[in-house]
Structures are given as C-alpha cells and as structure tokens.
Amino acid sequence: MRPKEPCDRRGADRLPSALLCGAACVSAALVFSIFAFLAAFSWPVLSGGQLGSLLSWHWRPLAGEFGILPMVVGSLCLAGSAMAVAYPLALGVCCFVHGCGPAWAARPLFVSIRFMTSVPTVVYGLVSVFLLVPVIRGAFSGSGFSWLAAALVLAVLVLPTVVLIIDTQFQAVRAEVRVAAAAVGLAPSQEMRHLVLPLSRRGLAIAAVLGFGRALGDTLIPLMLAGNAPRVPGSLLDSLRTLTAHIALVVATDSHSAAYNSLFACGLILFLATLCVNLGVLSVRGRRLG
Amino acid sequence: MAVAIRIERLSVDFSGKAVLRDASLEIPKGGPTFLLGRSGSGKTTLLRAINRLNECFPACRTSGRVVVNTADGAMEAYAPDTAVEVLRRRVGMVFQTPNVLPLSIARNICMPLEATQGMRGAEAEARMEEALREAQLWSEVRDRLRDPAVALSGGQQQRLCLARALALRPDILLLDEPTASLDFKAAQMVEELLGELRSRYTLIVVSHGLSQARRLAEYLFVLHDGGRVEELGKDVFRDKDALLTVLGDLL
Ligand SMILES: Nc1ncnc2c1ncn2[C@@H]1O[C@H](COP(=O)(O)OP(=O)(O)O)[C@@H](O)[C@H]1O
Ligand SMILES: [Mg+2]
C-alpha cells in the first residue's frame, strides 16, 4: 500500500493542474484573439485615411465624421472623478474599520460594504435615475443626467472594490505589527499613520490602479446617467459620453454602418487601457522584489 | 519592600475559557521577579494582563484589579479613565519570540518615540543610542542602523526589542521567556543583561528554566494550573533540592 500512495497522489494532482493549465491557456488564447480581432478590424480604419476622422472632436455619423476623442476624454473624466470621490472614501472606511473608529461600528460598516459588491450595477443605475437625477435637476438646472450624477454613482460602484483591496493589505500588515505597536504604546490612529499606511504603499497603489480600471470599464452607469452627449463636458453638470457607453449605444441603435468601424478603435483603446492597468499592477507588485 | 504591581483577584477568559481565576499577587520593586509555571498555565496571559495587551486578542475578558506604581504615581490599569497607551509606555514588554517591526533598525526605536512623544532628530538619535547601548547592541549595529531589522539574528532582534522598550523609559519591564528562542550564547548574553537592568527597572521575567530562575531571581512566583499563584521564599528557591520538591510535579 505504502509505495503506491505518492503515485496515486501524483495522479490525483495531475488532473487539477492539467485543468488549470488548460484554463490558463484558453484564457490567454482568448485575450490574444480578442486583441487580434480588434486590431484586425480597426486596422483598415487606422491605416486608411480615416485615422484623421477618428481623431477628431466631432461625432456626426450622418456627416461622415466619426471622431471618438470626446468619448476618450469623457471616459477619463468620469473614471478620474469617480476615483477622486471613491478612493479617499475607501481609505477612510478602511482606517475606520482598522482601529481608528469604534469597534462596535467597524463590523457592520464592513459587512454592508461587502454586501454592496453583490448589488447588480443596473440597480444602482435605476435607483439613481429616480432619486439622484431629480435632485441634481432640482438643485441646478438642466436634465440632471450629467457627469456629476454618473461620477457619484460610479464612485459608489467602485467603492467596495477599492475597500476590499485596501482592507486585504491592511489586514496583512496589521497581523504583523499590531501587537508590537500596541506594546510600545501606539494608539490605533498612530499605528495607522506611522506603520500601516507607510507599509501598505503597494496595496494602496494597486487599489488605485484596479479601481480606476473598474471605473473606466463600467458601461451601464454612464449609459444610464451621464446623458451621452458626444462632446467634451464643460462642467460637472454637462452631459458626457464614455467609450463604453458609446460602443453600447452605436451597436444598439440602428446606425450608419460606417460608424461601426470606429467602434473597433474604441474597443482597442479600452483594451489597451486595461492592459496598461494590469501592467501598472504588475509593476507595483514587482517593485517589492527589487 | 515597595510594591511595583499589585494584582487583586485577576481573572482572564479567552472565548469563555478561564485562563486565570482570581489570581492575587504583589510584585515588589526591583527584582527580578520570576514567574514559573507549566506551559499553558497562563504566564504570558498574566504578563499581558499587566499592560492590558490581552485586549489586542479577540474574545478576551478580564476582571479584577491591577495597580501599577510608576514614577508618576499609582495607575489603576483597568480603570475606565486610564489611558492604556500611557500604561503601556510605563510598562514595557519583550516577547517570547522577537517581534521587530518591518522597518530599519533605527526606525524600530525612533518611530515609537516620534509617534508617541513627537521626539525626532538629534534628540531621538541620542535616545536611540542610549537604548541600544543599554541593551548591549550598539557596537553590533552602529554601522548598519539603516538596514532592515529582520536581517538581524534572533538574539540581536531580541535585544533590539529590549532596546525599543527601554527607549521609552519604562518603569517596569515584562520579559516573556526572553531566552527561550535563543541559542546558548545569545541566551547567556541576555541573562547578563538582566543582571544589569535590575538596578534600574522593575523586572518581571517569565521563565521555564529552573536553573535560570535559581541563579537570577530575587522573588519567585509559581503559577499553577487553574490560575493559583504561589510565592516561594528565597530560602526555598535558592536551594536546588527544595525547589525541585516544590516544583517536581510541575516540570
Ligand atoms: N490570544 C489567545 N486567544 C485564545 N486563547 C489564548 C490566547 N492566548 C492564550 N490563550 C490560552 O490561554 C492559555 C494560557 O496561555 P499562555 O498564557 O500563553 O500560557 P503560557 O505562557 O504559560 O504558556 C492557553 O490555554 C491558551 O490556549
Ligand atoms: Mg507563554
């Protein structure tokens, strides 16, 4: 019996590892083929004379103008502003949960934030259409479907993601330093400021990068709340259109077929942005080894 | 005999399981006071009850009274208006396994000074050097103060933890099996260090080494299972055979 055991175990190990390896290969192949597909379809647009038309500030498909720059700017504005709200909030929540706030409130707060991850995006969108948009419409002028509305709700959407990443990092650091910090008489806020935050730099950077990527990639919130006017917003109360919402809109509406080509360029830009986000995470992770 | 710490009817539970039950003892100033007991009898828990460090662990409940006499007067450790951070600065602790912070050697000592007392610059560095000299580590680390503390050997880390505690100028030092994780030579060095520190600090040392206790102890308590604390007179614990008779069943 004895000598057989390692043999069996190896056999048992082989199947899951083969499955995992297969899954990894399929994923890699998928990602690569998506990239190849996007590149191939946008190639005629990018190489032909249409490039100039793509990189313009006007989206007028009927006039043959397919400029996607307003959408690029819209995506960056919205993701950036959503993160500007969500990130400090998430950091505050994590500090609160990790000792800076009263213990009785920490647990419920964290549990409710984790619950937020399971709420479907469309629910946030729908609720906001009926609650937030009228408030903005009433407080200012205009339709209420605006950069501001989308940014606030998108911030709520990415908040749990950012909180969970920072929390994981804080937990790891605090497991190491908590008792030692208490023993030298550091108050929880001092422990946070002098130990946990400085030692969590990597996790904080990763949370920012991934949160930004999540905000950039979301489609439904900007589609439902941002108003979708294809121009660069002049203020927070203006309407804007993101790349993601743009793709959804053009595909969904019966549009001039030449508009379709420009979508591949949008897709390619989003894909490359995601790639940059992941490379950003990798470089932050790798720096520790160096 | 001046009393440094008075413990009255101290009970500590972890998740409803009683670790200490109505323990009462008076620890004199100076010392060293040694605390012996079987592994798992609650020695570490008793030490942590003095500086309220048990509160860092979940599901711990403490009742009873602990009065710590510091240079600034008596502190009721568990009174609601006691600042636990101040108490912990007055009562330093060195753990069984060295727990240096993942910072440089210098920052391990200077960061707590900066965070708790706003001390930095030349003043903090002077205090650091003084503490490192007191812990007899200065000559070994003076040229590598910016290196990560985790790169030090076990014995050096243990002395760094001691220096970190000393830099805060405590009145009382709690030492939890300070030589248990060290090799013979490093252990000997820490023992010699205890001999020097006894004149300046009240030392409370948890130990499992009978011979170590016999050599170094000025006062000795035995913690029995169930939390009963027994004090042994010097005539008993200085005499090897008498000590073995009392503790034979313990060890
Ligand atoms: N943080 C903790 N959580 C739960 N139980 C604990 C904790 N610390 C100690 N205990 C329990 O208290 C008892 C005494 O532990 P300890 O004080 O470490 O004993 P000693 O130091 O004498 O070996 C043990 O049974 C241990 O399981
Ligand atoms: Mg112990």
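The values are calculated or read from the model by the stated rules, or taken from the named source; none is laboratory data. Bear in mind that the values here come from a model prediction, so they are computed numbers and not experimental data. Counting neighbours? That spans all protein chains shown, and the Cβs are built from the backbone with ideal geometry, glycine included. Ligands, DNA and RNA are stripped out before the accessible areas are found, and what is left, the full protein with its side chains, is counted by its heavy atoms. Shrake-Rupley method; radii C 1.70, N 1.55, O 1.52, S 1.80 Å.
Worth a mention:
- Value of D in µm² per second that Stokes-Einstein yields for the protein assembly as shown, Kirkwood Rh from Cα pairs, at 4 °C (1.567 mPa s): 46 µm²/s
- P(r) for region A:70-286, from all Cα pairs and a bin width of 5 Å, is 1, 7, 13, 16, 16, 14, 11, 9, 6, 3, 2, 1, 0, 0 %, short bins first.
- Helix axis angle, A:201-217 relative to chain A longest principal axis, alpha carbon, degrees: 30 degrees
- Between residue A:106 and residue A:179, the modelled labels are 1.6 nm apart [label points 7 Å from Cα along Cα→Cβ].
- What separates the Cα centres of region A:173-207 and region A:52-100 is a distance of 32 Å.
- Spatial separation of Cα centroids for region B:16-41 and region B:139-188, in angstrom: 24 Å
- Secondary-structure-derived ellipticity at 222 nm for the protein assembly as shown, considering helices only, amounts to -18500 deg cm²/dmol, per-run term -39500 (n - 2.57) for DSSP H runs with n ≥ 4.
- Charge sum, other residues only, whose C-beta stays under 13 Å from residue A:224's C-beta, Lys/Arg counted +1 and Asp/Glu -1: 0
- Most fluctuating residue given options A:77, A:25, A:276, as computed from a GNM of chain A linking Cα atoms under 10 Å: A:25
- Residues of region B:97-116 buried by at least 10 Å² on assembly (accessible area, 1.4 Å probe, chain alone as reference): B:99, B:101, B:102, B:103, B:111, B:112, B:114, B:115, B:116
- GNM on chain B, alpha-carbon springs under 10 angstrom: the most fluctuating residue among B:39, B:11, B:139 is B:139.
- Accessible solvent surface per residue of chain A, calculated while the other protein chains remain in place, 1.4 angstrom probe, Å²: 52 Å²
- The string of couplings for region B:9-16 from the Karplus curve (6.51, -1.76, 1.60, θ = phi - 60°) is 6, 7, 10, 10, 10, 10, 6, x Hz, one whole number per residue in order, with x for Gly and Pro.
- Springs join every pair of Cα atoms under 10 Å in this Gaussian network model of chain A, and among A:230, A:120, A:188 the largest mean-square fluctuation is at A:120.
- Across region B:51-59, rounded Karplus estimates of 3J(HN,Hα) from the backbone phi angles (6.51 cos²θ - 1.76 cosθ + 1.60, θ = phi - 60°) give 9, 6, 7, 4, 5, 6, 10, x, 6 Hz, Gly and Pro being marked x.
- Chain B - convex hull of alpha carbons, volume per residue in Å³: 124 Å³
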